[in-house]
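Note sheet for the following structure.
The values are calculated or read from the model by the stated rules, or taken from the named source; none is laboratory data. Worth saying up front: this structure is predicted, and the values here are computed from it rather than measured. Using ideal geometry, Cβ is built from the backbone for each residue, glycine included, and neighbour counts are taken over all protein chains shown. Protein only, heavy atoms only, side chains kept; ligands, DNA and RNA dropped before computing areas. Shrake-Rupley method; radii C 1.70, N 1.55, O 1.52, S 1.80 Å.
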Amino acid sequence: MRSNSFSISFMILMLFAYVMDGQFHHSHKFAQVVFWIGAVGVLALAFIKVGDWISHKFDIEHVTAAWLVAPVGGPFVMALVAPAISRAYVEAALFGFGFALIMWLLLFTITFQRVITAANADD
């Protein structure tokens, strides 16, 4: 997976599940199925992306803010949508929020360090 934005499609699935919940007969079950498809996809892509970063050597010039999309945005959307779909999904929401928070702290620090030092690297 080369693009950090590929997980956006699974985020949209989870948001679609949130919007469709309760709209028509049996839509709650449909929303749960669509949510879990999106949640599993988001987490799988986040783990794949983080594994890709760990297994390859990257220079500080390769770091961009787009790196935050897959491991932070996806689990954060999962954390917001899960309790709205079902109260039984609170543990999944906490897992997603915890993973997103840890990855945000790590990636924000690296990205911020690049922003501060990148202007001095050209001299």
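Any residue in region 44-52 that is in contact with a Lys or Arg (Cβ under 6 Å, 6 or more places away or on another chain), open to solvent by less than 40 Å² (accessible area, probe 1.4 Å), within 30 Å of Val115 (Cβ to Cβ) and not aromatic (Phe, Trp, Tyr)?
There is no residue in region 44-52 that is in contact with a Lys or Arg (Cβ under 6 Å, 6 or more places away or on another chain), open to solvent by less than 40 Å² (accessible area, probe 1.4 Å), within 30 Å of Val115 (Cβ to Cβ) and not aromatic (Phe, Trp, Tyr).
Inspect region 58-68 for any residue being surrounded by 15 or more Cβ atoms within 10 Å (Cβ to Cβ) and of a type outside the set (Phe, Trp, Tyr) and give the result as yes or no. Outline the logic, then answer.
First, the residues of region 58-68 that are surrounded by 15 or more Cβ atoms within 10 Å (Cβ to Cβ): 63, 67-68.
Then keep just the ones that are of a type outside the set (Phe, Trp, Tyr); that gives 63, 68.
Yes, region 58-68 contains a residue that is surrounded by 15 or more Cβ atoms within 10 Å (Cβ to Cβ) and of a type outside the set (Phe, Trp, Tyr).
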